[in-house]
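Read through the structure below, which is laid out as structure tokens, and then see the notes.
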Amino acid sequence: MVSISKLKSSSSDNANTQDRTEQTHSSAWKAMLFSSPSQIWKSRISWRITLAVFLTILAVQAVILNFTLKEFENERLFQLREVGRAAIAPLLDTSIKDLLASPISTEKADQLLSTTLVNGFAVYSNQLDLIKTFGEPLALVMLEQESLSKTYRSADGGSYEVVFRANDLQRPFIIVARLDSSNVQGEVFSFVKQTILIMLLMSAFVTSVLMMALGRWLLEPILFMRNNLLAASKDPENPQIPASPYSVSDEIGGAIDLAQKLIHQNADNIKRIKSAAEDKIHKLAYYDKLTGLPNRTLFLQDLTEKMRNSGDEKTMRYAIIAMDLDHFKDINDSMGHNVGDAILRGVGKRLRSAMPERAMVSRTGEDEFAITMPLDTDINSARDVADKVLSVIRAEPFKVFNEEFQIRASVGVSTFPDDAIDPDQVLKNADIALNRAKEEGRDSVKEYSEDFDRAVQQRFQMLRDLRDALEHDQLSLHYQPQLDLNTGKVIGAEALLRWFKPDNSKEGFTFISPADFIPVAEQSGLIVPIGEWVMERACRDAMEWSDKYGYDGRIAINVSGVQFSQSDIVSFTQKVITKTGIDPKRVELEVTESVFMDDIQHTIQVLQNLNSVGVELAIDDFGTGYSSLSYLRQFPIDRLKIDQSFIRNALNNADDAAIAKTIIALGHSLNLKVIAEGAETKEHEEFLLEHNCDEVQGFRYSRPVKAEDFVKFFQEYDGDLTSFDKK
Ligand code: C2E
Ligand code: MG
Ligand code: MG
């Protein structure tokens with residue numbers, strides 16, 4: 001039988017069963033033809049069967065031998081008797097009338113005894129009277145008629161005594177003769193020897209033939225089946241097994257056929273299970289469970305693939321769109337994840353059905369979606385694709401649990417290969433453009449421009465410089481007075497961060513506006529240590545003023561939303577109050593509406609905790625954000641700070657004036673103080689007075705100034721608002 005490895009090498013790896021069958025058919029037949037006899041001789045089962053057959057044949061032959069041996073011996077003895085009779089009968093003298101006289105003369109008798117196999121004999125009359133004995137004595141004695149049929153054989157088989165009756169002899173005598181039967185003994189012995197030899201030869205022949213037959217019809221098929229099962233157990237998925245050359249009409253052939261079928265069935269099952277598992281894994285790894293859209297991994301893979309292939313088609317261009325839902329976190333936080341999930345599903349569905357089949361629409365992050373769309377003659381501008389995306393989202397509100405949600409999105413777009421030829425870079429560019437869209441007020445499309453890159457680089461540089469500035473104590477605080485509009489008195493100051501970055505210019509520094517560096521600090525988290533430095537410094541300054549000058553005004557400190565989410569602002573505030581010994585009522589934290597955009601529950605909790613620390617809270621830039629009025633009541637705030645843009649425009653823009661008036665009314669209705677910032681002129685002041693605004697801050701009274709200048713201000717100012725008219 002040929003080895004598995006031989007079979008393997010003769011059959012290709014082709015998984016196709018048909019091919020495999022044809023290829024291996026011939027090798028199976030070769031295996032049959034050249035099957036090694038040593039396999040047969042080594043086979044235990046063959047030996048057992050053969051031994052049993054061999055012994056059975058021997059036993060049967062021994063029984064047969066036993067019968068034929070007796071027959072053979074009898075035949076020889078009969079021949080001997082005939083020889084004896086033929087020798088004796090002619091010697092009897094029939095002329096003698098005396099029935100008791102010996103019919104044979106002594107000379108004749110002696111001659112008979114010496115020349116023939118007759119060793120001795122006795123002559124009886126027909127009436128059984130003993131007439132005469134010659135030669136060796138006899139064992140048989142004829143006394144009665146029954147004795148006539150007897151014979152005698154000596155123990156060593158050397159002599160044989162027989163009775164010749166008158167009929168046998170054709171004479172009226174009975175003769176008992178002793179014949180030399182030693183020859184018969186020899187012949188029987190050689191007969192036995194010969195027969196046993198033949199028996200052995202026959203058994204050997206039958207056994208050999210049997211072995212061959214067993215090998216051919218039993219062993220080979222069994223080994224064939226065993227080898228196939230072995231091959232199948234080694235590689236159940238791709239069993240390299242030859243087709244069975246055995247006819248299914250016999251039992252073994254049938255069993256092999258069944259085993260082969262099971263092996264192939266098993267392989268097919270494994271393949272099916274494996275491919276189902278692979279499908280599942282593929283789905284889990286490459287698709288988003290919520291929307292069913294491809295995920296970021298698949299999106300990038302597809303993008304790489306497309307861009308690699310587009311090398312061949314010179315004209316292939318793609319729009320890469322990055323989209324982010326505006327304020328999605330709010331919906332998630334306020335309405336729960338079920339609503340958030342339903343909206344994401346809706347957005348996914350809407351995008352998928354709005355985009356043609358050839359576009360790749362995927363969900364790349366929580367509320368982020370990305371699209372790759374080939375640009376062709378129909379749609380050849382990436383901008384058009386982006387506008388379409390935005391309009392699809394804006395088209396109508398999303399309906400969830402019978403509630404309508406107007407969703408807005410920011411979209412960034414870049415073009416391959418115009419903006420970049422590397423897939424990661426194109427997507428990055430789309431992301432940069434998306435960030436731009438978000439920074440510039442959201443709900444819009446921004447196309448990638450190289451300038452954005454430069455802006456990003458500049459931001460990195462600014463971040464490095466800002467870190468340096470914090471470390472080398474190059475940051476400082478300016479203070480801008482806040483006045484009570486009714487009494488005219490200074491009631492406090494807002495601490496505003498200043499960065500005069502040392503350089504080689506004439507002044508020795510460059511002023512960098514907080515409007516430029518605060519966003520960078522916020523994005524990097526650097527705002528946390530900076531904010532802590534500001535709070536500690538401002539409180540320490542305020543304490544110094546009260547210690548030295550008896551000043552007991554408030555100090556307003558700007559706090560970034562990032563400080564709310566990334567640091568423990570409550571315990572830090574408590575620490576600063578304890579450390580500086582300032583009365584917490586004199587500390588006011590200004591937070592912008594953006595903090596309410598984040599986790600509302602968390603914000604309420606933090607604000608309540610700050611309230612219990614005893615500090616006051618103001619909402620800065622009020623009116624510009626999205627804060628929902630319904631939440632306003634839940635916040636433990638003390639003051640609304642009208643954004644300066646409304647004040648600045650109040651006199652020439654009716655809308656802005658209306659907003660400012662409304663904020664004042666709203667604040668009062670909620671029992672809050674209202675402070676206006678950005679008051680630059682007497683007219684601004686008059687407007688605010690007319691509408692009962694409580695407090696004011698602006699260039700009309702003072703720009704933000706150094707600590708010592710603010711001290712001068714509150715020491716010199718007498719509380720008369722009109723004193724600013726001259727300035
Ligand atoms: P803000 O908190 O709304 O501060 C008021 C801004 O208005 C200040 O700008 C101030 O100089 C300016 N201002 C005050 N009165 C007038 C006026 O009559 N006319 C005009 N045109 N402007 C006026 P500044 O100092 O450039 O600060 C800009 C923003 O930077 C601040 O807005 C605040 O959001 C942020 N900021 C400043 N210091 C800090 C700080 O220590 N921490 C944090 N987180 N943010 C800060
Ligand atoms: Mg402020
Ligand atoms: Mg402000």
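The values are calculated or read from the model by the stated rules, or taken from the named source; none is laboratory data. Bear in mind that the values here come from a model prediction, so they are computed numbers and not experimental data. All Cβ positions, glycine included, derive from the backbone under ideal geometry; neighbour counts span all protein chains shown. Calculation scope for accessible area: heavy atoms of the full protein, side chains included, ligands and nucleic acids excluded. Shrake-Rupley method; radii C 1.70, N 1.55, O 1.52, S 1.80 Å.
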Which whole-number percent is the relative contact order of the chain (Cα, under 8 Å, 6+ apart)?
-> 8 percent
In whole Å, what is the distance between the alpha-carbon centres of the stretch 537-553 and the stretch 151-206?
-> 153 Å
Could you please tell me the mean projected area of the C-alpha convex hull for the stretch 203-313, averaged over all directions and given in square nanometres to one decimal?
-> 12.6 nm²
By accessible area of protein heavy atoms, probe 1.4 Å, what ranking do Tyr717, Tyr287 get, highest first?
-> Tyr287, Tyr717
For Ile45 and Ala62, calculate 0.36 nm times their separation in residues minus their Cα-Cα distance, and state this gained length in nm to one decimal.
-> 3.6 nm
Sorted by chain and number, the residues with a modelled amide H under 5 Å from that of Gly120, at a separation of 5 or more or across chains, are Glu136, Arg178
Taking GluC sites (Glu not before Pro) that fall in a DSSP loop and have at most 14 other Cβ atoms within 10 Å as cut points, what is the longest piece of the chain between them?
-> 508-679
To the nearest 10 Å², what's Lys70's accessible area with a 1.4 Å probe?
-> 130 Å²
Accessible area of His264, 1.4 Å probe, to the nearest 10 Å²?
-> 50 Å²
Convex hull per residue volume in Å³, alpha carbons only, for the stretch 139-261 = 224 Å³
Can you pick out the pairs among Lys673/Lys712; Lys271/Lys428; Lys289/Lys399; Lys501/Lys661; Lys446/Lys661 whose Cα atoms lie more than 30 Å from each other?
-> Lys271/Lys428; Lys501/Lys661; Lys446/Lys661
Run the 1.4 Å probe and let me know the accessible area of Leu138, rounded to the nearest 10 Å².
-> 40 Å²
How large is ³J(HN,Hα), in whole Hz, for each residue of the stretch 517-526 in order, when computed from phi with the Karplus curve 6.51 cos²θ - 1.76 cosθ + 1.60 and θ = phi - 60°, using x for Gly and Pro?
-> 8, 4, x, 5, 5, 5, 5, 9, x, 5
Going through Lys261/Lys283; Lys70/Lys150; Lys306/Lys349; Lys42/Lys193 one by one, the pairs whose alpha carbons sit over 28 Å apart turn out to be Lys261/Lys283; Lys42/Lys193
Relative contact order (percent) for the stretch 290-448, with alpha-carbon contacts under 8 angstrom and 6 or more residues of separation?
-> 29 percent
For a label point 7 Å from the Cα of Leu210 along Cα→C-beta, name the residues of the stretch 67-82 whose backbone N is under 12 Å from it.
-> none
Note on the stretch 658-727: C-alpha Rg/Rh, Kirkwood Rh, two decimals, gives 1.02
Using just the helices of the chain, give the 222 nm mean residue ellipticity in deg cm²/dmol: DSSP H runs with n ≥ 4 each add -39,500 (n - 2.57), and the total is spread over all residues, rounded to 500.
-> -17000 deg cm²/dmol
Amide H to amide H, which residues 5 or more places from Ala493 or on other chains are under 5 Å from it, using H placed in the peptide plane?
-> Gln482, Arg554, Ile555, Ala556
For a label point 7 Å along the Cα-to-beta-carbon line of Asp709, residues of the stretch 659-695 with backbone N under 19 Å | 678-681
Taking only the alpha carbons of the chain, the radius of gyration and the largest Cα-Cα distance, Dmax, both in angstrom, are 62.2, 206
What ranking of Arg586, Arg81, Arg383 comes out by heavy-atom accessible area, probe 1.4 Å, highest first?
-> Arg383, Arg81, Arg586
Whole-angstrom gap from the stretch 352-369 to the stretch 420-484, using each part's C-alpha centre | 27 Å
Spin-label pair Asn649/Asp552, simplified geometry with 7 Å Cα→Cβ offset, distance in nm = 4.1 nm
Reach of Lys506 by Cα under 22 Å, taken over lysines that are not fewer than 8 positions away in the same chain | Lys706
For the stretch 116-158, averaging the sequence separation of alpha carbon pairs under 8 Å that lie six or more residues apart and dividing by its residue count, the contact order in percent is 28 percent
At a 1.4 Å probe radius, which order do Tyr549, Tyr701 fall into by accessible area, largest first?
-> Tyr549, Tyr701
Mind grabbing the base-10 log of I(q)/I(0) for the stretch 290-448 at q = 0.14, 0.21 Å⁻¹? Debye formula, identical points on the C-alpha positions, no solvent, two decimal places.
-> -0.64, -1.38
For the chain, the charge dipole (Cβ of Lys, Arg +1; Cβ of Asp, Glu -1; about the Cα centre) points to a positive end, and the Cα of Ala267, Phe191, Leu214 closest to that extreme belongs to Phe191
